[in-house]
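Report on one structure; see the data block that follows.
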Amino acid sequence: MAESVIDIQVKKTTSSKLNQVDWENLPFGRVFSDHMLVMDYKDGKWHTPEVLPFGDLQLHPATSAIHYGQSIFEGLKAYRNENGEVVIFRPDMNAKRFRASCQRMCMADVPEELFLQCVQKIVAIDKEWIPKKKGYSLYIRPFLFATDDYIGIKPSDSYKFMIFTCPVGAYYSEPLSVKIEEKFTRAVEGGVGRAKTAGNYAASLYPAKLGKEEGFHQLVWTDAKEHKYIEESGTMNIMFVIDGKLITPSETSDTILPGITKRSVVELAQSWGMTVEERKVTVEEIIDSAKSGKLSEAFGAGTAATIAPINSIGFRGEMYNLPSVETREFSNKVHAHLDAIKAGTVEDEFNWITKVSL
Ligand SMILES: *Cc1c(COP(=O)(O)O)cnc(C)c1O
């Protein structure tokens, strides 16, 4: 890894919370490491990033992000591999996607190299917070929000970029039951579904709550116009194995978040000689292949859960059950392979791993 070229100020905590953590039972997203990184955009430029003790922010009540939603985020993970090194999975992809989200939401964009240096710095500072237990990791949450204290509607002139980290365990504890949603939508053509922006998640809460009341863990979003094409599941990309082929909705439209986990699954499958189809996927095709038994696997792909097996799909009041998780050759193999790349026990043939210099 190149030496840090960017000046980052560090003010360390004098009261670490490390010994208060129950390392055997880490809930997702409720335990926060000792430090956070803060970098302000003002007067047309980024100012020196600072690492500070984790703590509250003080905000003006008119802070524009709160009112008008110029707010974006990323999610990635750091791991301690079998050699004791600290590694991050494909952070360059998060840096690129963060910039794309900045541009779509009309926000000051964070140069990729600056983003990467900040991510590595905060991970290096809180490296003791990376859990050692298998399947656990350090979740990294970079985010950016508009900070003008002004209630007129315009792109903010000032922004705050921050990163904090959370030691985390498993995201889902069981295979998912999902419902194909035909009324509500997550994203529309011409909208902001491709950006990792805060409002997309707020908009999904109400339909997800209705789905939960019917007993589903997650919704499968369909296109806004006809509710005919499958898009994503919850906050994950969705992938299927039908007749031995890996099939996933293509992300060429602006309604699907271009996921790094999905991209990695596609690239591994192709390298193993599997046929991969990234194209429009109709609800009809999925239901028909579930009925005929050709749908052998379905799963969500995302950083938080990596591979989240789907074991039943609800559609118009009917439930379609999939083969049991143990029989799923492809998803089990790809999940294990991704874990092994992160653990450093197989060759990182695509150069997906960034080692953090400590
Ligand atoms: C973050 C996210 C994903 C998954 O992306 P990864 O890069 O694999 O973590 C998929 N869909 C939505 C809506 C997301 O926010």
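The values are calculated or read from the model by the stated rules, or taken from the named source; none is laboratory data. Keep in mind that what you see is a predicted model, and the values were worked out from it rather than measured. Heads up, the Cβs are rebuilt from the backbone with ideal geometry, glycines too, and the neighbour counts pull from every protein chain shown. Surface areas here come from the heavy atoms of the whole protein model, side chains and all, with no ligands, DNA or RNA. Shrake-Rupley method; radii C 1.70, N 1.55, O 1.52, S 1.80 Å.
Among the listed residues Ala187, Ala208, Ala195, identify the single one that is assigned to a helix (DSSP H, G or I) and open to solvent by less than 40 Å² (accessible area, probe 1.4 Å).
Sole residue among the options that is assigned to a helix (DSSP H, G or I) and open to solvent by less than 40 Å² (accessible area, probe 1.4 Å): Ala208.
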For region 303-358, which fully contained strands (runs of 3 or more DSSP E) count at least 2 residues that are more than 30 Å from Gln120 (Cα to Cα) and open to solvent by less than 20 Å² (accessible area, probe 1.4 Å)?
306-315
Kindly indicate whether Phe299 is touching a helix residue (DSSP H, G or I) at 6+ places or on another chain (Cβ under 6 Å), within 13 Å of the ligand (Cβ to nearest atom) and assigned by TED's automatic domain parsing to the domain that holds His217.
yes
For Lys209, all conditions in the list (1) touching a Ser or Thr at 6+ places or on another chain (Cβ under 9 Å); (2) more than 16 Å from the ligand (Cβ to nearest atom) hold save one; what is the number of the exception?
(1)
Test: Ser357 is at pLDDT below 95 and not aliphatic (A, V, I, L, M)
yes
Can Arg90 be described as farther than 17 Å from Gln9 by Cβ, surrounded by 15 or more Cβ atoms within 10 Å (Cβ to Cβ), within 16 Å of the ligand (Cβ to nearest atom) and without any contact (Cβ under 8 Å) to a residue 40 or more places away in the chain?
no
How many residues, within region 259-289, are in a loop (DSSP other than H, G, I, E, B), open to solvent by 30 Å² or more (accessible area, probe 1.4 Å) and near the ligand (Cβ under 9 Å from one of its atoms)?
0
Please go through region 54-64 and pick out each residue that is within 16 Å of Pro142 (Cα to Cα) and surrounded by 13 or more Cβ atoms within 10 Å (Cβ to Cβ).
Phe54
The one condition Thr14 fails out of (1) within 27 Å of the chain's Cα centre (by Cα); (2) farther than 22 Å from Ser156 by Cα is (1)
Restricted to region 238-256, and to residues that are within 13 Å of the ligand (Cβ to nearest atom), open to solvent by less than 10 Å² (accessible area, probe 1.4 Å) and in contact (Cβ under 8 Å) with a residue 60 or more places away in the chain, which residue is farthest from Leu322 (Cα to Cα)?
Thr255
Looking only at region 33-56, which residues are closer than 20 Å to Ile125 by Cβ and without any contact (Cβ under 8 Å) to a residue 12 or more places away in the chain?
His47, Asp56
